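**Q** This is the structure I have questions about; it appears just below.
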Amino acid sequence: MLRRTAKMARKNAALHLASLCVLCAGYLLCRYVFFEVHGMKQWPACLFLLGLVVLGVSFFTKKKWTPLVTAFSYPIAFAIGALFQTDGADPGGGRTNSLWVIWTVVFICAIVLSAIGETVKKKRDIK
């Protein structure tokens, strides 16, 4: 029993470590490599910190899909935001761009849907 628990703990740690690596790679790509696409310094870091919090919570709650979805949805949400972004002007004449809104909404929705999916799966497995 103790060996099984230790093995499960190692698996959980490995999964979350791999997810952390993917999230960090996505952050570095989005923040530095694609900086010319979005021109934002702080917002990629804010979303990255949100991803870190989600990974931390999912580690302690031993979730399996939420860390993977969180890690991969960061760069995927950026790509979706870059694809569907629109430029505009605010009432004062300043430039606006919708990339950061799309990026944030897709990222948060992916995290929430994965958490809901895991909760539903867990309840289904209990019955």
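The values are calculated or read from the model by the stated rules, or taken from the named source; none is laboratory data. Owing to the predicted nature of the structure, the values given are computational and were not obtained by experimental measurement. Using ideal geometry, Cβ is built from the backbone for each residue, glycine included, and neighbour counts are taken over all protein chains shown. Accessible surface is based on the protein model in full, side chains and every heavy atom, while ligands, DNA and RNA are left aside. Shrake-Rupley method; radii C 1.70, N 1.55, O 1.52, S 1.80 Å.
**Q** Among the residues of region 98-121, is there at least one that is of a type in the set (D, E, K, R), part of a helix (DSSP H, G or I) and open to solvent by 80 Å² or more (accessible area, probe 1.4 Å)?
**A** Yes, region 98-121 contains at least one residue that is of a type in the set (D, E, K, R), part of a helix (DSSP H, G or I) and open to solvent by 80 Å² or more (accessible area, probe 1.4 Å).
**Q** On the given criteria, is Phe59 open to solvent by less than 30 Å² (accessible area, probe 1.4 Å) and either part of a helix (DSSP H, G or I) or in contact with a helix residue (DSSP H, G or I) (Cβ under 9 Å, 6 or more places away or on another chain) (or both)?
**A** No.
**Q** Among the residues that make up region 38-45, is at least one of them closer than 30 Å to Thr96 by Cβ, surrounded by 16 or more Cβ atoms within 10 Å (Cβ to Cβ) and in contact with a Lys or Arg (Cβ under 8 Å, 6 or more places away or on another chain)?
**A** yes
**Q** Which is without any contact (Cβ under 8 Å) to a residue 60 or more places away in the chain and open to solvent by 30 Å² or more (accessible area, probe 1.4 Å), of Pro67, Pro75?
**A** Pro75
**Q** Please work out if Arg124 is among the basic types (Lys, Arg), on the phi < 0 side of the Ramachandran plot, open to solvent by less than 50 Å² (accessible area, probe 1.4 Å) and in a helix (DSSP H, G or I).
**A** No; evaluated as a whole, the condition is false for this residue.
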